Amino acid sequence: MTTPHNGMMPDISPQPLYPHNRVKRHLSELFRLALPVVIARIGMLIMSVVDTIIVGNYDSSSLAYLNIAHAPFISLMITGFGLLIGIMIMTSHAIGRNNPKAAGQVWRACFPYGVILGFGLAVLAWQSKWIFILSGQPGAIIEHSTELAHILALGMPAALIYISCSFFMEGLQRPLPGMMLMVAANVVNLILDYGLVYGVWGMPELGAAGAAWTSTIIRWLMAGTMLAYVLLMRDHVLFGLRDGFANWWHHSRDIRSMGYAAGASQGMETAAFSTMQLFAGRISIMAAASYGITMTILSLMFMFALGLASATSVRVGIAYGRRDRADMALAGWIGLLTTMGVMFCLSLPLYFFPAWVAALFSEDAVVIAGTSSLLLLMPIIFPTDGGQNAAISALRGTGDKWAPTVLHMFSYIGVMIPAGYYLAFIRDLGVAGLFWGIVIASLVAVSGLAIRFRIVSGRELPSYP
């Protein structure tokens, strides 16, 4: 293969790679890519777990305030992540067709977009008080959660800067820098979190506000470090990473279009789960604490699914970039089935030892009992919720935009919220009814998205323009 005079690799579809032992290859590549991403994603959630454990043992009411404050913030942040998902997908497409300059232009086009998104979402997160009021939260929750939401909002731009760089590296199949940075960030987070919550080592005792300040500080440290790494990469010239951001809005058009669907999907799903957290707050403060602990555990384990799903998206995207339909379909199905199997195995310790796990997060007997009963549902929720994420990631790897988004939104907005409300308040199941709503929605989502991938992966792929 020759290289043209401009230094760019030819933008063509090479011959399919590895015609034999494709299943073994896909499994090997899936776990090779997924493991660092899993560690990085888990690291992101471990910081929240540390917050939950430290604040939960400090004071149960403070934990409820922090959980409620996180609800709109996390919803907005995940929406931002979805809006930027095109960075990873379009980078993998460029790598699949051996065009590193095109891969670099993906990042240069989308980095300014990520910065603007970060500040815009920070403004929305600052206005969280009206959500607490409209959802009927008690006065104490409105007052304290609003203060915490203001602190968290200051870290929103940093979160979007970090993820724009991290998605680019993952699209290049280089997830290790993000993993190493996340491990280091967790060490700093543990020390700072404990110090600011309890007021030790000469630090002020801030309670839940200490955990919120720690999260914001850590996010800015991670953003600056990851941005420096991308710009100082040894092969930055190959990708043209320092060629400037001229015409970024025009060059990011297709990537933004892909992100609109993903952002709507992830944002609506997260908003739906945040709504369930607000429902729990209406039940009682103890219910809000139990729901928050269980969702923290679910979110932590979900990072395994998210890592496998991200790897699935990259593997599908690279095969799509090569225009290898059979390999693309195989990558998607292996990713889906592997994710569901891994998630089921991860649910078993929670099912058999629920009280022991719950006791890690709180010393309150009522909270422990409530959390333990919810953990018994995890063998159903883990594989279905993880599977739907793998399926929608596979679809995004093929460039499919709005159909999976509609299916996803229907499952979590049209099914989960009404089912959760009905079971929790009408059938009087309390917080357990909220989780049965999650079970029903996840089953609907994984079934619909799997059928959609079967349809899309059976079509002939379009040729390059």
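Considering the stretch 312-335, the residues that are open to solvent by less than 10 Å² (accessible area, probe 1.4 Å) and within 16 Å of Gln388 (Cβ to Cβ) include one that is modelled with the lowest pLDDT, namely Ser313.
Residues of the stretch 400-412 that are open to solvent by 40 Å² or more (accessible area, probe 1.4 Å) and either at pLDDT 90 or above or out of contact with any Asp or Glu (no Cβ under 9 Å at 6 or more places or on another chain) (or both): Lys401, Trp402, Val406, Leu407, Phe410. Taking the stretch 358-368 as the range and being in contact (Cβ under 8 Å) with a residue 12 or more places away in the chain and open to solvent by 50 Å² or more (accessible area, probe 1.4 Å) as the test, the residues that pass are Leu360, Glu363, Val366. Checking Gly448, Gly433 one by one, the residue that is touching a Leu at 6+ places or on another chain (Cβ under 8 Å) and free of Cβ contacts under 8 Å to residues at least 24 places away in the same chain is Gly433 and no other.
So for the stretch 85-100 (the condition being in a helix (DSSP H, G or I), of a type outside the set (Gly, Ala, Ser) and farther than 19 Å from Gly397 by Cα), does at least one residue qualify? No - not one qualifying residue is present in the stretch 85-100. Considering each residue of the stretch 187-194 in turn, none proves to be part of a loop (DSSP other than H, G, I, E, B) and either out of contact with any helix residue (DSSP H, G or I) (no Cβ under 9 Å at 6 or more places or on another chain) or at pLDDT below 90 (or both). Just to be sure before I move on: is Trp220 open to solvent by 10 Å² or more (accessible area, probe 1.4 Å) and modelled with pLDDT of 90 or more in the structure I sent? Judged against the criteria, Trp220 is a match.
Filtered by the rule that a residue be surrounded by fewer than 24 Cβ atoms within 10 Å (Cβ to Cβ), in contact (Cβ under 8 Å) with a residue 40 or more places away in the chain and not aliphatic (A, V, I, L, M), the stretch 336-347 gives Thr338, Gly341, Ser347.
In this entry, Ile78 passes the filter for residues that are under 19 Å from the mean Cα position of the chain (by Cα), in contact (Cβ under 8 Å) with a residue 12 or more places away in the chain and open to solvent by 20 Å² or more (accessible area, probe 1.4 Å). When the helices (runs of 4 or more DSSP H) confined to the stretch 319-408 are screened for residues that are of a type in the set (S, T, N, Q) and under 26 Å from Ser48 (Cβ atoms), those reaching at least 1 such residues are found at 325-352, 365-375, 378-397.
Looking at the stretch 421-430, can you tell me whether even one residue there is of a type in the set (A, V, I, L, M), in a helix (DSSP H, G or I) and crowded, with 19+ Cβ neighbours inside 10 Å? For the stretch 421-430, residues of a type in the set (A, V, I, L, M), in a helix (DSSP H, G or I) and crowded, with 19+ Cβ neighbours inside 10 Å: present.
Scanning the stretch 247-257 turns up at least one residue that is surrounded by 15 or more Cβ atoms within 10 Å (Cβ to Cβ) and either out of contact with any helix residue (DSSP H, G or I) (no Cβ under 7 Å at 6 or more places or on another chain) or of a type in the set (S, T, N, Q) (or both). Here Val38 meets each of (1) more than 14 Å from the chain's Cα centre (by Cα); (2) modelled with pLDDT under 80; (3) of a type in the set (Val, Ile, Thr); (4) surrounded by fewer than 24 Cβ atoms within 10 Å (Cβ to Cβ) with one exception, condition (1).
Restricting attention to the stretch 294-316, does a residue exist that is among the basic types (Lys, Arg) and either within 30 Å of Phe425 (Cβ to Cβ) or assigned to a loop (DSSP other than H, G, I, E, B) (or both)? No, that holds for no residue.
Candidates in the stretch 118-141 are the residues that are surrounded by fewer than 22 Cβ atoms within 10 Å (Cβ to Cβ) and among the aromatic types (Phe, Trp, Tyr); of these, the one that is farthest from the chain's Cα centre (by Cα) is Trp130.
So for the stretch 104-113 (the condition being surrounded by fewer than 16 Cβ atoms within 10 Å (Cβ to Cβ) and part of a loop (DSSP other than H, G, I, E, B)), does at least one residue qualify? Within the stretch 104-113 (the criterion being surrounded by fewer than 16 Cβ atoms within 10 Å (Cβ to Cβ) and part of a loop (DSSP other than H, G, I, E, B)), the answer is no, since none of the residues qualifies. Could you grab me the full set of residues in the stretch 185-210 that are within 12 Å of Met47 (Cβ to Cβ) and either small (Gly, Ala, Ser) or in contact (Cβ under 8 Å) with a residue 60 or more places away in the chain (or both)? If the condition is that a residue be within 12 Å of Met47 (Cβ to Cβ) and either small (Gly, Ala, Ser) or in contact (Cβ under 8 Å) with a residue 60 or more places away in the chain (or both), then Ala185, Asn186, Asn189, Leu190, Asp193 are the ones that fit. Against the numbered list (1) open to solvent by 10 Å² or more (accessible area, probe 1.4 Å); (2) part of a helix (DSSP H, G or I); (3) touching a Leu at 6+ places or on another chain (Cβ under 9 Å), Arg242 comes up short only at (2).
If the condition is being over 22 Å from Met258 (Cα atoms) and touching a Phe, Trp or Tyr at 6+ places or on another chain (Cβ under 8 Å), then the stretch 159-180 contributes only Pro177.
The set of residues in the stretch 46-69 that are open to solvent by 30 Å² or more (accessible area, probe 1.4 Å) and either within 14 Å of Met156 (Cα to Cα) or aliphatic (A, V, I, L, M) (or both) comprises Ile46, Ile53. Among residues of the stretch 81-94 being open to solvent by less than 10 Å² (accessible area, probe 1.4 Å) and β-branched (Val, Ile, Thr), the one that is farthest from the chain's Cα centre (by Cα) is Thr91.
The values are calculated or read from the model by the stated rules, or taken from the named source; none is laboratory data. Predicted, not measured: the structure shown is a model, and the values here were computed from it. Using ideal geometry, Cβ is built from the backbone for each residue, glycine included, and neighbour counts are taken over all protein chains shown. Note: accessible area is taken over every heavy atom of the protein model, side chains too, but ligands, DNA and RNA are not part of it. Shrake-Rupley method; radii C 1.70, N 1.55, O 1.52, S 1.80 Å.
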